[in-house]
Structures are given as C-alpha cells and as structure tokens.
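**Q** Encoded as structure tokens, here's the structure I'll be asking about.
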Amino acid sequence: MPDANTAAAAPNLHLAPYQARGLKGRILSGVQPTGNLHLGNYLGAIRNFARLQGDYECLYCVVDMHAITLWQDPKELASQTREIAAAFLAAGVDGARNAIFNQSAVPEHAQLAWIFNCVARVGWMNRMTQFKEKAGKDRENASLGLYAYPALMAADILIYKATHVPVGEDQKQHLELTRDIAIKFNNDYHAPGFFPVTEPLIFGAATRVMSLRDGTKKMSKSDPSDFSRINLTDDADAIAQKIRRAKTDPHPMPETAADAEKRPDADNLLGIYAALADRAKDEVIGEFAGKQFSEFKAALTELAVARLGPVGAEMQRLMKDPGHVDSVLRAGVEKARAIAGPILADVYRTVGFLKP
C-alpha cells in the first residue's frame, strides 16, 4: 500500500514555487463535451473556474478523450467541445491568463495514462463505483476505456503536477485513486515527491444540484426530460417555464433546515437559490419560511435569469464565432504542452524508457 509519510510530505515540495509567486498552487479541471451544459455544471464547476483564477495557476480542459468511453457522434463531439470552451469563457475564465484546451490535443495525457495503467492495480479499478453505474448490468459489453478511464483522469492531473483539483462529491473517489497512483509511482521508482499528492477543492452544497423533476436525483444531461434541468443556453422564457414546473409539494416553504432536509424538492430549489445568490441556505430558508411556493419560484426565476442570462447570451455569441474559440483552444494547447512535455520527459527517464 502507499506510504502515508510520503503522502504527507510530497505536497509541500510542490507548493513552494507557487507560494513564492503569491499563489496557492496549480489547478487542473475539466468538463466532458457530452450533452447540454446545465445549471449543475455551472454551479458545481464552471462558475468556480473563474473564481479560482486569481489564487491559482489554472489549466482547464475539455475532456473529449473521456467522452468517447461511450460512443459519441463525431460532428456533435466537435461542436460540443467548442461549446464547453465557450462556456468557460462566458463564465469569466480568462483565456489569455489561463490554459483552456481540449484534452486530445495534448498527447502527453494519453502517454502518461499508459504508464499509470501499469502502476494502478486491478483491485483499485474494481472499486470504482462510477464504472459500475455507467456500465450497468451489461458490463461485459462496456468499453475498456470506460473501465480504465480513472487512470487517464489521474494522468490529466499529474501530467501537470497539479497540486489541487476542484471536485464534486461524486469525483472524490477518482481523486483518491490519483493520489494512490502518485504515491505508488513515487515509491516504485524510488522518486520521493516526484508527483504531488493532489488535494481536493470541494465547494460544499453548490456542487450537487438535483433534478427539477425529482429532488432525489442529480441534475443530469442524460435525463430524457429537458424540464429536469436548466441549460446554460436557455433563454429567460425557458428558465421561467422550467422553474414554474419544477416539482414541489403541497406545503408552504420550509421554516427550518431540518424541515427542508425532509423535503428534497423544496430543499433542492432552496439550495439553487442560495448558490445563485451566494448566500447561506439557512439565510434563504429564513427569508422565505412559511411563504407559498409561487412567491418563492417568482423570486428564484428573477434571480436565475439575472445570473444565467448573460452567461447564456455570451455563449451563444461565442458559438457563432468558432474561429475565435479555436484560437483560444490552440493557445491553450501550447501552454499546456509547454508544461506537460518536460514532465513527461522526466517520467520517461524515471521509468527507464530509452530515447535513441
């Protein structure tokens, strides 16, 4: 098993260069280009990307290689890759300051992933719950990529020696695997501290937004009902209609957090309001306690349109200018490869690969 002392010591070695520059570390995060981006993607990830760029050196990628673990229409994949990049920019990520790129354009990701396939243990992969969920009952027909993609995710992070990764609750297990791979590589190749033991950045309740049709299920791109989610490109009328039709219960608004927790649909809408308003959920519960859902939904609609409308409009504008989006991606690839190339070369030397 990985050595705990090595795990504890390694991150500090990698943080020092960033701290000397007044930064907290280096971040790598990505979003899959599959289906429409929705409110959950925005609150759980994309909004935070812009907020982190002042404190960290940031690399944000469109993880198109992860997307094809399930078959994707090639034309749609290319279009959706641009859409994700446009969403990053529309949410306020500075493409000149940070690296915004598509994963497949940086081959070092795949090259390091193969080495990590040889470092990771089958038992570790068998414990990955997301494979079980995505493969379902027909696991024998799932792609090898779907089974092995946690090793690619580890490579995404460690090819840049990222010190931190913003993650939702459902990704914590993959980050733990990344940490295990880093520690095992460092130990196997007698290279203490070579890879950092990457730390998670978890943003609390806003990382988990539930379906508007079922407060017990996560908001998802794959839900067949478009009324289960607010898409980032929805206009004001669509947002208003979806919030009006969001599932509630026959009682007035909850009066306490304990009451809200027993009512998942109400609790979800309160959490969305709190996240969009950047307020504590308890404060929002207090403001709307005992009021009718119609009054709360009207306030939520006004807030959602104000916050999401400009993002969606800017996304639409950027999608009409694919040349600009592609230029941002090309620049991001250059920045990413400038970091990844030397690290991969060090990995190859450490492993013992011959460079004739």
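The values are calculated or read from the model by the stated rules, or taken from the named source; none is laboratory data. Owing to the predicted nature of the structure, the values given are computational and were not obtained by experimental measurement. Every residue, glycine as well, gets a Cβ built from its backbone with ideal geometry; the counts of neighbours run over all protein chains shown.
**Q** Can you tell me which residues in the range 65-77 are under 21 Å from the mean Cα position of the chain (by Cα), loosely packed, with under 15 Cβ neighbours inside 10 Å and in a helix (DSSP H, G or I)?
**A** 76, the sole residue that qualifies.
**Q** May I pose another question? Of the residues 291, 355, which single one is in a loop (DSSP other than H, G, I, E, B), under 30 Å from residue 102 (Cβ atoms) and over 25 Å from the mean Cα position of the chain (by Cα)? Break it down stepwise before answering.
**A** Details: 291 fails: under 30 Å from residue 102 (Cβ atoms).
Of the residues listed, the single one that is in a loop (DSSP other than H, G, I, E, B), under 30 Å from residue 102 (Cβ atoms) and over 25 Å from the mean Cα position of the chain (by Cα) is 355.
**Q** When residues of the range 113-127 are filtered for being without any contact (Cβ under 8 Å) to a residue 60 or more places away in the chain and in a helix (DSSP H, G or I), how many remain?
**A** Qualifying residue count for the region: 9.
**Q** A follow-up question, please. Do we have any residue at all in the range 163-178 that's of a type outside the set (Val, Ile, Thr), over 21 Å from the mean Cα position of the chain (by Cα) and buried (at least 18 other Cβ atoms within 10 Å of the Cβ)?
**A** no
**Q** Separate question: If a residue must be surrounded by 13 or more Cβ atoms within 10 Å (Cβ to Cβ) and at negative phi, how many such residues does the range 133-161 contain?
**A** So the count comes out to 20.
**Q** Hey, can you tell me all the residues within the range 87-112 that are in contact (Cβ under 8 Å) with a residue 24 or more places away in the chain, of a type outside the set (D, E, K, R), surrounded by fewer than 22 Cβ atoms within 10 Å (Cβ to Cβ) and over 24 Å from residue 39 (Cβ atoms)?
**A** Selection gives 96, 104, 105, 110, 111.
**Q** Shifting gears a bit: Need the failing condition index for residue 273 against (1) at pLDDT 95 or above; (2) within 20 Å of residue 90 (Cβ to Cβ), just the number.
**A** Residue 273 satisfies all of (1) at pLDDT 95 or above; (2) within 20 Å of residue 90 (Cβ to Cβ) except (2).
**Q** Criterion first (of a type outside the set (Lys, Arg) and buried (at least 20 other Cβ atoms within 10 Å of the Cβ)) does residue 122 satisfy it? Lay out the reasoning, then the answer.
**A** Details: of a type outside the set (Lys, Arg): yes; buried (at least 20 other Cβ atoms within 10 Å of the Cβ): no.
Considered against the rule, which asks whether it is of a type outside the set (Lys, Arg) and buried (at least 20 other Cβ atoms within 10 Å of the Cβ), residue 122 comes out as no.
**Q** Next question. Would you pick out the residues in the range 237-258 that are in a loop (DSSP other than H, G, I, E, B) and surrounded by 20 or more Cβ atoms within 10 Å (Cβ to Cβ)? Quick ask: steps written out before the conclusion?
**A** Within the range 237-258, the subset in a loop (DSSP other than H, G, I, E, B) is 245-256.
Within the range 237-258, 246, 253, 254 qualify.
**Q** Quick check on this structure: which one of 278, 234 is in the same structural domain as residue 308 (by TED's automatic domain parsing), surrounded by 15 or more Cβ atoms within 10 Å (Cβ to Cβ) and either at pLDDT 95 or above or among the charged types (D, E, K, R) (or both)?
**A** From the options 278, 234, the qualifying one is 234.
**Q** Among the residues of the range 196-231, how many are modelled with pLDDT of 90 or more, assigned to a loop (DSSP other than H, G, I, E, B) and of a type outside the set (Asp, Glu)?
**A** Qualifying residue count for the region: 14.
**Q** May I ask you to list the residues in the range 11-30 that are buried (at least 23 other Cβ atoms within 10 Å of the Cβ) and either of a type in the set (A, V, I, L, M) or more than 17 Å from residue 59 (Cα to Cα) (or both)?
**A** 27, 28
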